[in-house]
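Trainee: I'd like to ask you about the structure that follows.
Bear in mind these aren't lab numbers, they're just calculated from the coordinates by the rules spelled out. Worth saying up front: this structure is predicted, and the values here are computed from it rather than measured. In this analysis, Cβ positions are derived from the backbone assuming ideal geometry, glycine residues included, and neighbour counts consider all displayed protein chains.
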Amino acid sequence: MSSSDNMSDLGPGTRGVLAGRREEWTGTPDHPGAVVNPAVWRASTHLYPDMAALRAHPANEDGRFYYGRRGAPTQWALAEALTQIEPGAAGTVLYPSGVAAIAGVLLTMLRPGDVLLMTDNAYEPSRVMARGLLRDFGVETRWFDPTSIGAFEAACCDRTKAVLLESPGSLTMEVQDVPALAAAAKARGIVSVLDNTWASPLGFAGLSHGVDIVAMSLTKHVSGHSDCMMGSASAGPDWYRKLRLRSQGLGLVVSPDDASLMLRGLRTMKMRLEAETASALAIAGWLEGRPEVARVLCPMLPGSPGHELWARDFAGGCGLFSFVLKGGSSAARDALIDALALFGIGYSWGGFESLATPVDPASIRTASAWPLAGMAMEDRFGVRLSIGLEDTADLIADIEQALGAWRAAL
Ligand SMILES: *Cc1c(COP(=O)(O)O)cnc(C)c1O
């Protein structure tokens with residue numbers, strides 16, 4: 001759904017409140033804007049008043065009733081809202097999940113024989129997609145060290161068509177120099193795609209930092225409540241049009257009920273991200289002073305890897321970071337995670353509730369090492385925390401007793 005409204009002179013909080021709330025979507029012709037939120041339009045069939053209207057209808061226009069696969073006001077409102085919070089975007093395509101968004105984007109730009117470059121800290125299902133789906137369609141993928149422009153340039157060849165960036169990487173948290181990588185890609189005619197799930201447009205405005213397409217798993221911060229899955233891709237006018245056509249070709253739709261839940265989450269996203277960032281920073285700083293911890297991987301924390309780039313480029317953070325235990329064993333790390341009472345054990349993140357998962361990237365990385373440069377070989381047992389909205393002091397007390405369980409299991 002493309003946007004004609006210009007909200008660029010408003011702050012991100014204000015935009016988050018106003019975005020997507022066109023009066024024709026929140027009322028009837030007699031009562032425009034009568035309610036705050038767009039209704040849930042459950043519709044496959046859209047009816048025409050007569051044959052003349054059916055014949056006159058522009059079949060493929062944004063924001064017009066046509067058939068359920070093209071959406072209805074609930075989905076249009078969410079897509080428009082996401083466009084309005086992404087500076088530089090002409091439109092946003094919705095996908096049934098974050099993985100579907102990445103697949104939809106890559107299948108729009110890649111053709112048999114093309115080479116895709118992918119950052120080595122990419123979300124694992126993105127790597128799996130490269131080795132499976134994309135390889136089956138004749139696309140070769142090469143991975144590069146996320147923190148090295150030289151490695152990116154060395155990996156380029158004359159068949160390189162696109163690069164997938166992810167910053168910070170959602171396990172190991174390396175921050176990429178996205179503006180420099182996007183510029184280096186552009187200079188070679190390579191399309192840059194950023195998986196911006198960690199920061200959201202509130203933390204990092206990808207298109208205005210030079211990226212061509214910004215993809216996001218809405219499942220995380222936008223939903224914020226761990227009850228709904230969706231993905232998005234936002235871009236300028238040319239890529240938006242291509243993404244939309246490819247998504248239609250793939251028959252991708254999202255339900256109006258889910259779109260409504262995402263709109264609800266979007267309204268409080270700024271506040272949740274701010275609270276989670278403050279709590280995560282306090283917990284990361286506390287962990288840094290603990291004798292059990294070898295390294296805190298939290299770019300928001302001064303002194304942590306990637307902090308300088310983060311401070312230069314980012315307007316905000318979130319509750320997701322990792323830390324690495326000083327030596328130990330996989331079993332001791334399991335004991336730590338099992339001992340946590342306030343952290344769920346489970347995938348995903350960005351919900352109101354805190355989560356903990358192990359970080360074991362050694363076996364999946366191919367272009368750069370884990371443990372990271374400067375870390376000892378025995379310091380390889382990482383833990384990823386997604387900090388939710390519980391009180392920080394309660395979370396710290398919980399981690400403190402779980403570190404006791406880790407020591408006892410050594
Ligand atoms: C979760 C996640 C995805 C995939 O999103 P789903 O909605 O779970 O399919 C993509 N990228 C990153 C960085 C993620 O954390």
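Trainee: Could you line up GLU86, GLU378, GLU140 from fewest to most neighbouring Cβ atoms inside 10 Å?
Mentor: Lowest to highest Cβ neighbour count: GLU378, GLU140, GLU86.
Trainee: Would you work out which of GLY306, MET377, PRO96 lies farthest towards the positive end of the dipole of the chain, given +1 charges on the beta-carbon of Lys and Arg and -1 on that of Asp and Glu, about the Cα centre?
Mentor: My answer, from the dipole projection, is PRO96.
Trainee: Cα centroid distance between region 18-51 and region 295-336, in Å?
Mentor: 44 Å
Trainee: May I pose another question? Can you tell which of ALA275, ALA154, ALA43 shows the greatest fluctuation in a Gaussian network model of the chain with Cα springs below 10 Å?
Mentor: Result for the chain, Cα springs under 10 Å: ALA154 fluctuates most.
Trainee: Students often forget the sequence filter, so: which lysines lie under 22 Å Cα-Cα from LYS270 once same-chain residues fewer than 8 apart are removed?
Mentor: Leaving aside lysines fewer than 8 places away in the same chain, those within reach of LYS270 are LYS220.
Trainee: Quick check on region 270-409: what are the equivalent-ellipsoid semi-axes from the Cα gyration tensor, as sqrt(5λ), descending, whole Å?
Mentor: 22, 20, 13
Trainee: Separate question: Among ALA402, ALA43, ILE337, flag the residue with its Cα farthest along the positive direction of the charge dipole of the chain, charges on Cβ as +1 for Lys/Arg and -1 for Asp/Glu.
Mentor: Farthest towards the positive end: ALA43.
Trainee: Note down the net charge around PHE152, summing +1 for each Lys or Arg and -1 for each Asp or Glu among other residues with Cβ under 11 Å from its Cβ.
Mentor: Net local charge, PHE152 excluded: -2.
Trainee: Let me ask you something else. Among rounded, prolate and oblate, which fits region 131-290 when a ≥ b ≥ c are the square roots of the eigenvalues of its C-alpha gyration tensor, a/c under 1.5 means rounded, and a/b larger than b/c means prolate?
Mentor: Taking the square roots of the gyration eigenvalues as a ≥ b ≥ c, region 131-290 is oblate.
Trainee: What translational D, rounded to a whole number of µm²/s, comes out for the chain from Stokes-Einstein when the hydrodynamic radius is the Kirkwood one over Cα pairs, at 4 °C and 1.567 mPa s?
Mentor: It diffuses with D of about 59 µm²/s by this estimate.
Trainee: Moving on. Quick one: which residues, 5 or more positions from GLY344 or on another chain, have an amide H under 5 Å from its amide H? H modelled 1.01 Å from N in the peptide plane, none for Pro or chain starts.
Mentor: Counting only residues 5 or more places away or on other chains, the set is SER354, LEU355, ALA356.
Trainee: Can you give the helix-only mean residue ellipticity at 222 nm for the chain, where every DSSP H stretch with n ≥ 4 adds -39500 (n - 2.57) and the sum goes over all residues, rounded to the nearest 500 deg cm²/dmol?
Mentor: It comes out at -10500 deg cm²/dmol, rounded to the nearest 500.
Trainee: Would you please give the residues with an amide H less than 5 Å from that of ASP114, counting only those at least 5 places away or on a separate chain, with H modeled from the backbone geometry?
Mentor: GLU140
Trainee: Here's something else I'd like to know. Set Lys and Arg Cβ to +1 and Asp and Glu Cβ to -1, take the dipole of region 177-286 about its Cα centre, and tell me which of VAL178, GLY224, GLY249 lies farthest positive.
Mentor: Projecting each Cα onto the dipole axis, the largest value belongs to GLY249.
Trainee: Would you mind working out the magnitude of the charge dipole of the chain relative to its Cα centre, with +1 at each Lys and Arg C-beta and -1 at each Asp and Glu C-beta, to the nearest 20 Debye?
Mentor: Charge dipole, the chain, about its Cα centre: 1060 debye, nearest 20.
Trainee: Please identify, among GLY11, GLY303, GLY210, the residue showing maximal mean-square fluctuation in a Gaussian network model of the chain using a 10 angstrom Cα cutoff.
Mentor: Looking only at GLY11, GLY303, GLY210, the largest GNM fluctuation is found for GLY11.
Trainee: A further question on this structure: Among ARG384, ARG407, which comes first, second and so on when ranked by fewest other beta-carbon atoms within 10 Å?
Mentor: ARG407, ARG384
Trainee: Going 7 Å from the Cα of HIS57 in the Cα-to-Cβ direction, what parts of region 17-43 have a backbone nitrogen less than 17 Å from that spot?
Mentor: Flagged as within label range: 41-43.
Trainee: Right, here's the next one. Based on other C-beta atoms within 10 Å, arrange THR268, THR219, THR14 from fewest to most.
Mentor: THR14, THR268, THR219
Trainee: Moving to a separate point now. So which chymotrypsin sites (Phe, Trp or Tyr not before Pro) in region 272-371 pass both tests, a DSSP loop state and at most 12 other Cβ atoms within 10 Å of the Cβ?
Mentor: Listed in order of number, the matching sites are TYR347.
Trainee: Which net charge results for the neighbourhood of VAL214, defined as the other residues with beta-carbon distances under 13 angstrom from its beta-carbon, given Lys and Arg at +1 and Asp and Glu at -1?
Mentor: Overall, the nearby charge balance is -4.
Trainee: In addition: Among VAL40, VAL193, VAL383, whose mean-square fluctuation peaks in a Gaussian network model of the chain (Cα, cutoff 10 Å)?
Mentor: Residue with maximal mean-square fluctuation among VAL40, VAL193, VAL383: VAL40.
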